[in-house]
Every structure is written in structure tokens, then in C-alpha cells.
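Have a look at the structure below, then the notes.
The values are calculated or read from the model by the stated rules, or taken from the named source; none is laboratory data. Everything quoted here is computed from the prediction, not taken from an experiment. Positions of Cβ are backbone-derived with ideal geometry, glycine not excepted, and every protein chain shown enters the neighbour counts.
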Amino acid sequence: MEEKKFFRKVLSNGLTVIFEKRDSGVVSLAFATRFGSINEIPEEKGIAHFIEHMLYKGTNRRNAKQISQEIEKKGGVLNGFTSEQLTVYWCKMPSRHLHVALDVLSDMIKNPLFDENEMEKERKVIFEEMKLYRDNPHLHVHDKILSCLYKGTLGLKIIGSEKTLNSMNRETLKNKFREVYTTNNLILCVVGDANFDVLCDFAEKNFKKTSSKINEPKVLLTNKEETEKRKGIDQASFIFAYHVPNAQDAKCYSGQVLGALMAEGMSSRLFQEIREKRNLAYSVKGGSDIDKDFGYNAIYVGTSKENVGKVKKLIIEEFKKIKDLKEDELNEVKEQLMGNHKISKEDSQGQMLELLSYEIVGKVHQAYSYEQNIKDVKLADVKKLANLKNYSSFSLVPA
């Protein structure tokens, strides 16, 4: 009998433990909460991200330097991120130091100080992060396209605004932390050389049972086209996006296939049309952002200001051609996606993040059925999605 490699358990304290066994000598580990920017109200936009920053700034046992030092001096990498539906604190390190990773990350999750002086300093750091995103045209247009696709909180930047961040004080962050970092919302996800029983025992002993209900998101779709002019840039950044089924819908895999067919890789239709045939751009890239409560595909093109209209027209024309898509080409794209997925699973960190994303949807075991789900995509479903009734776009152009 083949040895079992995947384990999942909801502990008596409510915390969920997910584990994939690998004998690589490396372990990727994350604590995550089922709270992201989509769960915020507009007036508190950015609070999930602000809390994430503050959890690295010290506990009653460690200051900020000691948190990073204990991981990094053991050869590990430490980081975190806030997405629409998750806040994640992760590290990757030699598996012989797993106990260090568990101790440090759990300390961060359980005992953040929210020191007032550190909070004021970190607020300034986040303001600098905002500038970084705005000053990078590629990042800026990817931020702005969300407001062209969604109304309400999902259309606002994950990082928030200076106004919302300036409205937050220590009590605001502490209260929200206590509200959403309860054990029924926490996930411990580990991929690598470890023991499932040891992980469960640690999580059971180190976390007291707490419970809360997180605000359910209201996803309000829209479609808009906007242009922003800016001095000091030479190239226009254009992004074209359209809604696809979310991850709760089996047809989300059709959205991934369509996204790959159109703009993922140098062999994709739009790369060939825009760059190879017409030399209108250097960068032609596509991707799918498909989560529990929303889904969209986006196509980014860096081109000359005078060619933005031409590029947009080419994109729309190429979508119209999908009505003639044949099974042979569809199968090639499926093979591409399945191969890319297999490569991404090679990295324990990539697999850890994928398991978390499937857990949020409530279908963690589906992470191991990805290839079959891609194989099951029907030609008719891809053609139907490509028949765009509405779309959104955002252009950042030289003034």
C-alpha cells in the first residue's frame, strides 16, 4: 500500500492543520488566518495588511530583529503577505529546524505587542510601500484594474489609502486582531519533512480555543475603462481584464485555460499577434486571479501611447477568433497548464500556498485533482467565456 502523503485535521481548539509529507530535508510552514482585504469594510481598508506588518514588529518574547534572526540564522527565509482572502505568515527552512519555525511563527500569531512607537514607524513604511506600487507602472495598472472590475471593498487597493491608515490607532488594530485571529479562523499549513502528529500536538497545546465569525464579502461586479496620464514615463502600460467564474464554480478551470491560451507564454495567441507579428510591445503577459469569491483574467501590454487603441483592438479581435478554436489547440494549452502546475508543485513553498488557497475555498483535496479538472474542461465552455459581453481596461499613458 502506498504511504499516505496528505493529512488534514480540525483540532478540538478549532485550528485547522494541513500537511503534505515530503522527504526533502526542507520544510515550508505557514500560519494563516481566513481574513483578507475582501473581508474589510471600505472605511478600514488596509487593516489586514497593517496587522500583518505589525506581527513582525515584536512579541513579549522577541523584538523585530530577533524574530527574523532566529529564522534566518538557521538558514531560513521569513516573509508574509496579505491577499484578498488570506493573511499569511510563512517561512522555509531546513527541516531539522522545524521546531524553531513553529516557535517563532506561533509566538508572532499569539503574542504581538502592537507597540505604539513601532506602529507609527510602520505606518510610514507602508506609505513608502504605497509609493513603490504607484511609481511602478506595471504594479500600478494591476492595482487600478480592480476598481474597473469591482465596486466596494474589492475594488480598493489591499494596502489601503493614507486616509484609512491614518484613521487607525493601536486599539483599532488590537481589536481587529482579537476579532479575526481566533483558532477557528487559523490554519497551520506545512509541506516537507515533518510529522503530522507532532504538528497537531504542537498546535493543540499552544493555542487555546477561541471563536469568531468573519465578515462575509459582498462582491459587486462592474466594468469600466479608464485612462491616467503621467509625466516622466515613456511607455504606456495597458491592462485588459474580464470576469471569469470563481473557485467555487467548476468552470473556473475553463477560465484558466482561456487565460493561458490568450496570453501566457511566448506561444500564446496575443504574444504572437502583438509582439511577434507586429512588434508593438516587448511585454505581453497574462494571468488568472481566481479565488473563493471572485475571478478574473488580465492581459498586460507595455506599448507606445499611440498604439494603445491598436493593441486593444487586436485583443478583442483575438477573442472573437476563439469561436473557431479546435480540440487540438485546446489540448496543447491543457498540457501547458498541467506541466506548469507540476513544476510549481516541485517547490514546497508553492505547494504550501496552493493548499492554503484550496483550503479557503473548502476544497483542499481538489489541489490533488488539478490535472483532471483541467482535462475535463470542455471546448464549448472556453468558447462561451471568450464570447465577451463586457470587459474592463486601464491605461497609464505618458502625458
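Could you please let me know if residue 293 is among the acidic types (Asp, Glu), part of a strand (DSSP E or B) and under 23 Å from residue 38 (Cα atoms)?
no
Residue count for the range 49-96 satisfying the condition of being surrounded by 15 or more Cβ atoms within 10 Å (Cβ to Cβ) and of a type in the set (Lys, Arg): 4. The listed residues are 272, 235, 256, and the only one of them that is over 30 Å from residue 186 (Cα atoms) and touching a residue at least 12 places away in the same chain (Cβ under 8 Å) turns out to be 235.
Taking the listed residues 335, 371, the one that is assigned to a helix (DSSP H, G or I) and closer than 18 Å to residue 290 by Cβ is 371, with no other qualifying.
The criterion of at least 3 residues that are aliphatic (A, V, I, L, M) is met by the following strands (runs of 3 or more DSSP E) wholly inside the range 1-83: 26-33.
Taken as a whole, the range 124-134 holds no residue that is in contact with a helix residue (DSSP H, G or I) (Cβ under 9 Å, 6 or more places away or on another chain), in contact (Cβ under 8 Å) with a residue 60 or more places away in the chain and either acidic (Asp, Glu) or not in a helix (DSSP H, G or I) (or both). Give the number of residues within the range 142-186 that are free of Cβ contacts under 8 Å to residues at least 12 places away in the same chain and crowded, with 17+ Cβ neighbours inside 10 Å. The total comes to 1. The set of residues in the range 325-376 that are of a type in the set (Asp, Glu) and within 16 Å of residue 259 (Cβ to Cβ) comprises 329, 332, 335. For the range 97-117, the set of residues classified as of a type in the set (D, E, K, R) and either surrounded by fewer than 18 Cβ atoms within 10 Å (Cβ to Cβ) or on the phi > 0 side of the Ramachandran plot (or both) consists of 103, 110, 115, 116, listed by residue number.
So that you can scan it fast, the table gives a plain yes or no per residue for (1) surrounded by 15 or more Cβ atoms within 10 Å (Cβ to Cβ); (2) among the basic types (Lys, Arg); (3) in contact with a Gly (Cβ under 6 Å, 6 or more places away or on another chain):
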residue: 204; (1), (2), (3): yes, no, no
residue: 209; (1), (2), (3): no, yes, yes
residue: 217; (1), (2), (3): yes, no, no
residue: 230; (1), (2), (3): yes, yes, no
residue: 242; (1), (2), (3): yes, no, no
residue: 257; (1), (2), (3): yes, no, no
residue: 264; (1), (2), (3): yes, no, yes
residue: 277; (1), (2), (3): no, yes, no
residue: 288; (1), (2), (3): yes, no, yes
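Restricting attention to the range 279-293 and to residues that are more than 21 Å from the chain's Cα centre (by Cα) and of a type in the set (Gly, Ala, Ser), the residue that is farthest from residue 340 (Cα to Cα) turns out to be 281.
Checking the stated criteria, residue 318 turns out not to satisfy the condition of being among the charged types (D, E, K, R), at pLDDT 95 or above, crowded, with 18+ Cβ neighbours inside 10 Å and within 19 Å of the chain's Cα centre (by Cα).
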